[in-house]
1. Just the C-alpha atoms of segment 132-175: what Rg/Rh do they give, with Rh taken as the Kirkwood radius?
2. Taking the Cβ of Glu144 as the center, what net charge do the other residues with Cβ under 13 Å away carry, scoring Lys and Arg +1 and Asp and Glu -1?
3. Any chance you could give the angle, 0 to 90 degrees and rounded to 10, that helix 36-46 forms with the longest Cα principal axis of the chain?
4. How big is the Kirkwood radius of segment 61-175, worked out from every pair of different alpha carbons and given in Å to one decimal?
5. Quick check on the exposure proxy: order Lys119, Lys41 from fewest to most C-beta atoms within 10 angstrom.
6. Straight-line reach from Lys119: which lysines have a Cα under 19 Å away, not including same-chain ones fewer than 8 places off?
7. If you place +1 on the Cβ of every Lys and Arg and -1 on the Cβ of every Asp and Glu, how big does the dipole about the Cα centre of the chain come out, in debye to the nearest 20?
8. Treating the angle as unsigned and between 0 and 90°, give the value, to the nearest 10°, between the Cα long axis of helix 149-173 and the longest Cα principal axis of the chain.
Amino acid sequence: MRDCIHELLGHAPLLADPFFAEFSQELGLASLGATDEEIEKFATMYWFTVEFGLCRENGQLRAYGAGLLSSYGELEHALSDRPQLLPYEPSTTCIQPYQDQDYQDTYFVAESLTDAQEKFRRWVATSLSRPYEVWYNPHTQSIERVTSVDQVGSIVSSLQGQLIRLNSAVQKMKF
């Protein structure tokens, strides 16, 4: 029952938000083809973001992690003066020890969800050892390894088409 509450109150509302769902998907995509050491870092990153993430919104500390949102006690603890609150920086977040039997001693605070996603993207771009990139193709609903210039050209062409349609939509909205 506890897991159902966690999934329904914690993860489901967040994954219904397209921005957060994209962030969560990027965490998963980044882990594909990663070394065991990198997987451990991604698991830790997931723990301190998707499960126990905090961010600022209009100057207020807000919880966005499912572990916080589904546990009143953990949420109360996280927002108290007891734990250590550190700025979210992927390079330090991914190596922070954590435990899963009690409330966290440390939480990481992003300036916003956008800030967390941008920092994560930069960290992935400079930290992964895999010799290729991955791309989620929404048309085929599949993940592709990007290994050639032709493949990149095809992806860019698809994105350009989408941008043209979005630009057209904006133009039609103008009076």
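The numbers here are math on the coordinates, done by the rules we state, and not lab data. Please read all numbers here as calculations on a predicted model, not as lab measurements. Counting neighbours? That spans all protein chains shown, and the Cβs are built from the backbone with ideal geometry, glycine included.
1. Values: Rg = 13.8 Å, Rh = 12.0 Å.
With Rh from the inverse mean 1/r over Cα pairs, Rg/Rh is 1.15.
2. Numbers: positive: Arg145; negative: Glu133, Asp150.
Result for the local shell: -1.
3. Its long axis makes an angle of about 70 degrees.
4. On the way: mean 1/r = 0.0553 Å⁻¹.
Result for segment 61-175, one decimal place: 18.1 Å.
5. On the way: Lys119 18, Lys41 21.
Sorted ascending by nearby Cβ count, the order is Lys119, Lys41.
6. Lys41
7. Values: 13 positive and 24 negative charges, 183 e Å.
In debye, rounded to 20, the chain gives about 880.
8. 90
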